[in-house]
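As structure tokens, the structure follows; a few thoughts come after it.
None of the figures in this text is laboratory data; all of them are computed from the coordinates on show. In this text, all values refer to a predicted model and were calculated from it rather than measured experimentally. Ideal geometry is used to build each Cβ from the backbone, glycine not excepted, and the neighbour counts take in all protein chains shown.
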Amino acid sequence: MLRKKKNWMLTALLVGAVSLSACGEDAAKEELEENDDNKAEAKVDDEATASESESETEAAETEAAKEGEKNDLWTYYDDVTWSDDFNGLKSEIQKVVVTEKAPTMEDETAEESAVGVKFKLENTTEGKFTTYPDQATLVTSTGEQIDMPDMFMSDNIGGEIDKGVIKEGAIIWYLERGKAKEIEWIKMSWDARKGAEDNMEMDKRKDYEIELDLSGE
């Protein structure tokens, strides 16, 4: 900016169109100082923006690391699946997970042994079904029999399922003997019946008892 102004003023002097006065010098200095101040403010703003961006990046990386640690608590058996169609009620197990470091409702830093199963239920009929896989009994190869999942940590997917309804969720059992990662198989049992919850007709009921192999053999 200063060099440009000097060149312009030199040209003006040569052609005799303008004379440089003290007032002109003051105005040029003021403009130069104003430009310098603007540049300084812009630099500060840029540095602040860069600092905020770095902080946001660090926060995102920290959150991602925490999420990764959380996910690493579980061992996934994505290939352990099961499905059934009971007169239009489709039941599906999409995966099984185990851990030795599960948090609890009372203590999110707790490290408990647990087994989890991801369920999907779909009523493809015009009627109703009633089923409670979220109350299934779990038996493990390590000698555990858990008669009821943890109701607080599990998703509520049981009860009446009306026409067209899809329910998905994870069912969690806490183990008393531990050794979740040593489990080679699990067995679950529950029932489903056609109709509303108060329909107790045995000929419209199906008892499930399924065994899933976690050994990979």
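Annotation note: trypsin sites (Lys or Arg not before Pro) in the stretch 158-196 located in DSSP loop regions with a Cβ neighbour count of at most 11 within 10 Å are Arg177. Calculated FRET efficiency, Asp107 to Asp79, Cβ-Cβ distance, R0 = 45 Å: about 0.90 to the nearest 0.05. Amide H contacts under 5 Å for Asp150: Ile172, Trp173, Tyr174, restricted to partners 5 or more places along the chain or on a different chain, H placed in the peptide plane at 1.01 Å from N. Fewest neighbouring Cβ atoms within 10 Å first, the residues Trp173, Trp185 line up as Trp185, Trp173. Exceeding 26 Å between C-alpha atoms, which entries from my cross-link table qualify? They are Lys118/Lys163; Lys167/Lys194; Lys90/Lys181; Lys181/Lys206; Lys95/Lys204. Pairs exceeding the cut-off: Lys90/Lys181; Lys181/Lys206; Lys95/Lys204.
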